[in-house]
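The values are calculated or read from the model by the stated rules, or taken from the named source; none is laboratory data. Note that the coordinates shown come from a computational prediction; the quantities given were computed from them, not determined experimentally. Note: ideal-geometry Cβ built from the backbone for every residue, glycine included; neighbour counts use all protein chains shown.
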Amino acid sequence: MATPLGRLPIAPLSIALVPLDDRPCNRQFPQQLAEITGGRLALPPREHLGWFTRPGNCEAIAAWLQETPADRLVISLDMLCYGGLVASRSLAVGEDLALSRLAALRDLRQARPELTIYASSIVMRLGTTVASPEALPVHQALCSFSQLVDRVERLGDEAARPELEAVAAALGPALLAEYLGVRRRNHGINRAAVGLVADGVLDYLILAQEDAAPVGIHMPELSALRTQAEEFRVSDRIAIHPGADEAGLTLLARHHLQAAGRPVLLAVDYATAEGAAAIPEFEHQPLYETVVSHIRAAGARLTPADGADAVLFVHTPTQGQSPGPAAQAESLVERTRTAQASGLIVGLADVAQPNGADPELVAALRRSGGASHLSAFAGWNTAANTLGTAISQLCLSAAGPATASGAAASARFLACRLIDDYGYQSCVRPRASARASAAGANPYALGEARPEMEGFVRRELEPFAHETYSDLLDAAWSASWERARVSLPWHRLFEVEVDISSA
């Protein structure tokens, strides 16, 4: 077994991060993970980051970057160019303005050549933002259009043309022109970002494909980006894979492993080979390809278990596969315990289903004695979101200093993931959605119903939080919950913010 990196003296880092937006996954998660290593993570003032459909202040963020004393940067180009993820799906910012904002990075590099700059840029999803029930059919129609146009134009499926024409007619020429215009502009920024890598402005780049499918209008875009990276001889400094909200975490981990002087040696154990080859919902490639790419992007190296520092166990998709969820979960949890007993640092990525951890897996953890043997866990939103989160925490646990404060920070993040990914997403959110629907509230924009819904969510999560600490983490809860904060940060039910820090 390799010597764990956590036993090596690693100096805490000073990193500045421009997040994709102000949601917890992009703002809070990086702060929580940075505490594991004892480093300093600076973010722009929250008022610069915008909120939901209100774009961030791109000029203020560019000025903040010029002033930050940190020598390592993680930058969301979508925040820098458009004002965030939601803003990236509209034409409010023209391509010329977006390119001029991107050019600020050239000035930054010229002024401070010693910086290490990692960045991410989103390859646009198939649909658009859903901010109301009325927007959902439009989003779904755009997803259909995006897949049908690829089937007809790239794959030559003429049988799909009548359906394509019908969907296009229903959407109308104005809406389609705007959607395609956004895609063209964003693709131009993606390509410009590849050029920044080639010119030495960016040291590393993640091009993260947001919600998509194996067929769609994004596929030629991805192919063009890969070809450009190859032509510019920068493929080794660019990751192109499914994802979005986890990219900041991945690049945070990469900074720490680069500073450590050698990568974390990471083994992967899939629940089933069949599941590893499955294409997860909302993604365009087999799961195992995404796992490998996320590991490399984090700065880790894939290795057999007998030479590893840590091992990532993956609870793979179970729908229509054998064994069923319960049997698969039992087997996987037993293997995590065996690996931990052998001295490996263990992480668990639950991608069996999107938008929440698998109840069968949590039940198996309870029956086996809990989750305190895990150093990382995630099970939220898409498979790529989960993988990037779990891999980042696992790498930072393996590479960070073995201090009591670091261990406590890692345990808090693990607890938040269980409370959020399982407690909220899998258990409380469906009940909250039903309650909002019964009250006539809009789950995408709660409005005046937000205080009542936040109170409901908090009351529902409190018993689960106590149970998480006692049953799953084998730790005393004490009075921490009285200092906990639970909110619906975008005044909708899709995500919750949970903070159980003792401060």
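Values as computed for the structure displayed
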| item | result |
| --- | --- |
| Exclusive hit being touching a helix residue (DSSP H, G or I) at 6+ places or on another chain (Cβ under 9 Å), surrounded by fewer than 18 Cβ atoms within 10 Å (Cβ to Cβ) and farther than 20 Å from residue 221 by Cα, set 170, 135, 174, 131 | 170 |
| Output for the range 296-312, where each listed residue is over 11 Å from residue 343 (Cβ atoms), assigned to a loop (DSSP other than H, G, I, E, B) and among the aliphatic types (A, V, I, L, M) | 298, 300 |
| Residue 32 being in contact with an Asp or Glu (Cβ under 7 Å, 6 or more places away or on another chain) and under 28 Å from residue 496 (Cβ atoms) | no |
| Test: residue in the range 91-101 that is assigned to a helix (DSSP H, G or I) and closer than 27 Å to residue 494 by Cβ | yes |
| Close pairs from the range 232-260: first over 20 Å from residue 287 (Cα atoms), partner among the charged types (D, E, K, R) and part of a helix (DSSP H, G or I), Cβ under 8 Å, at least 6 apart | 235/226 |
| Filter result for the condition that a residue is more than 25 Å from the chain's Cα centre (by Cα), surrounded by 20 or more Cβ atoms within 10 Å (Cβ to Cβ), in a helix (DSSP H, G or I) and not assigned by TED's automatic domain parsing to the domain that holds residue 393, over 432, 436, 441, 465 | 436 |
| Qualifying residues in the range 282-295 (those that are in a loop (DSSP other than H, G, I, E, B) and under 15 Å from the mean Cα position of the chain (by Cα)) - the one surrounded by the fewest Cβ atoms within 10 Å (Cβ to Cβ) | 282 |
| Single residue of 205, 196 found to be of a type in the set (A, V, I, L, M, F, W, C), surrounded by 21 or more Cβ atoms within 10 Å (Cβ to Cβ) and part of a strand (DSSP E or B) | 205 |
| Whichever residue in the range 444-462 is surrounded by 14 or more Cβ atoms within 10 Å (Cβ to Cβ) and among the basic types (Lys, Arg) and, among such residues, is modelled with the highest pLDDT | 450 |
| Residue list for the range 138-160, restricted to those being among the small types (Gly, Ala, Ser) and free of Cβ contacts under 8 Å to residues at least 60 places away in the same chain | 141, 144, 156, 159, 160 |
| Among (1) in contact with a helix residue (DSSP H, G or I) (Cβ under 9 Å, 6 or more places away or on another chain); (2) at pLDDT below 95 - the single one residue 393 does not satisfy | (2) |
| Those residues of the range 425-462 which are of a type in the set (A, V, I, L, M) and within 28 Å of residue 362 (Cβ to Cβ), in sequence order | 428, 432, 434, 436, 438, 446, 453, 457, 461 |
| The one condition in (1) under 27 Å from residue 475 (Cα atoms); (2) modelled with pLDDT of 90 or more that residue 409 fails to fulfil | (2) |
| Residue count, the range 373-400 (criterion: touching a Ser or Thr at 6+ places or on another chain (Cβ under 8 Å), under 13 Å from residue 357 (Cβ atoms) and in a helix (DSSP H, G or I)) | 1 |
| Count of the range 332-364 residues which are surrounded by 16 or more Cβ atoms within 10 Å (Cβ to Cβ), of a type in the set (A, V, I, L, M, F, W, C) and over 21 Å from residue 287 (Cα atoms) | 5 |
| Unmet criterion (only one of (1) over 14 Å from residue 388 (Cα atoms); (2) in contact with a strand residue (DSSP E or B) (Cβ under 8 Å, 6 or more places away or on another chain); (3) in the same structural domain as residue 70 (by TED's automatic domain parsing)) for residue 250 | (1) |
| Residue under evaluation residue 186, criteria (1) crowded, with 18+ Cβ neighbours inside 10 Å; (2) modelled with pLDDT under 95, criterion not met | (2) |
| Selection status of residue 99, at pLDDT below 95 and in contact with a helix residue (DSSP H, G or I) (Cβ under 7 Å, 6 or more places away or on another chain) | no |
| Residue match in the range 166-181 (condition: in contact (Cβ under 8 Å) with a residue 40 or more places away in the chain and not hydroxyl-bearing (Ser, Thr, Tyr)) | yes |
| Residue 471, sole failed condition from (1) acidic (Asp, Glu); (2) at pLDDT 80 or above; (3) farther than 22 Å from residue 382 by Cα | (2) |
| Evaluation of residue 204 against (1) at positive phi; (2) in contact with a Lys or Arg (Cβ under 8 Å, 6 or more places away or on another chain); (3) not β-branched (Val, Ile, Thr) (one fails), failing number | (1) |
| Counted residues, the range 296-331 - those being within 27 Å of residue 212 (Cβ to Cβ), aliphatic (A, V, I, L, M) and surrounded by fewer than 24 Cβ atoms within 10 Å (Cβ to Cβ) | 1 |
| Pick from the range 323-362, criterion in a strand (DSSP E or B) and small (Gly, Ala, Ser), ranking: farthest from residue 419 (Cα to Cα) | 347 |
